[in-house]
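The values are calculated or read from the model by the stated rules, or taken from the named source; none is laboratory data. Computed from a predicted model, the values in this text were never measured in an experiment. No Cβ is skipped: glycine too gets one built from the backbone with ideal geometry, and neighbour counts run over all protein chains shown.
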Amino acid sequence: MKISKLCLVFAVMSFAVCVRGQDQKKTPPPVTLKSALLEQLKSTHTNSDWFVCANVAVAGLTPEQANWTDGKGNHSVGQLTHHLVYWNKRNLERIKGEQLEKFSGNNDETFDKFDAKTWNATVQELDAILTEFEKMVENADDAKLQAIAPAIAHISAHNAYNIGQIVFVRKEQGSWDPSKGVK
């Protein structure tokens, strides 16, 4: 009886090792410039992975919560989100070759034009712009990808930085749910 149980355990463990070995043998598709850029864009938009993505960072906030500041001169979630909308939209227009709106050079303006009454529209606009970036990369040929890759990399890094600030503000405010990825 003991030998039967031991054989069963050995057989199950052998099967698990065999299956695991087969899974490890599956080769992932090769990384391409397109797949790398899409992964960067999606990780700061809809796919929380190494850090919280934008959609999760802004989800569930009321306009009042989005407008909250700590009183120490730091930006609100709404201001940070408006800033992301501004720069992502501007960079998308630039990459598409569209005429850019005149910019004074004062980055403070990209935060200060947030209005709590437009919070829901601001969240929707950020989602739409980030979706458009992803579609542009998905549809781009190799030459276009080569041309826009540095900009996409900088955009993704900038987005990740500001998303981190959004999560920090929400933690300070007490409106962050740590089950969303940051304790």
> If you check VAL58 against the conditions, is it loosely packed, with under 10 Cβ neighbours inside 10 Å and among the hydrophobic types (A, V, I, L, M, F, W, C)?
Replying inline: no
> In segment 129-164, how many are over 13 Å from the mean Cα position of the chain (by Cα) and either among the small types (Gly, Ala, Ser) or surrounded by 16 or more Cβ atoms within 10 Å (Cβ to Cβ) (or both)?
Replying inline: 9
> Do you know which residues across segment 54-78 are under 17 Å from the mean Cα position of the chain (by Cα), over 15 Å from ASN159 (Cβ atoms) and assigned to a helix (DSSP H, G or I)?
Replying inline: GLY78
> Restricting attention to segment 62-78, and to residues there that are surrounded by 23 or more Cβ atoms within 10 Å (Cβ to Cβ) and not β-branched (Val, Ile, Thr), which single residue is nearest to LEU41 (Cα to Cα)?
Replying inline: GLY78
> Can you name the residue in segment 165-183 that is at pLDDT 95 or above and not in a helix (DSSP H, G or I) and, of all such residues, is nearest to the chain's Cα centre (by Cα)?
Replying inline: TRP176
>> When you scan segment 88-103, do you find a residue that is under 13 Å from the mean Cα position of the chain (by Cα) and either crowded, with 20+ Cβ neighbours inside 10 Å or farther than 24 Å from ASP49 by Cβ (or both), even just one?
In response: yes
> Restricting to segment 27-53, what's the tally of residues that are part of a loop (DSSP other than H, G, I, E, B) and either surrounded by 10 or more Cβ atoms within 10 Å (Cβ to Cβ) or at pLDDT below 85 (or both)?
Replying inline: 10
>> Condition first: among the charged types (D, E, K, R) and either within 13 Å of HIS82 (Cα to Cα) or in contact with a Leu (Cβ under 9 Å, 6 or more places away or on another chain) (or both). Now tell me which residues in segment 120-137 satisfy that.
In response: GLU125, ASP127, GLU132, GLU134
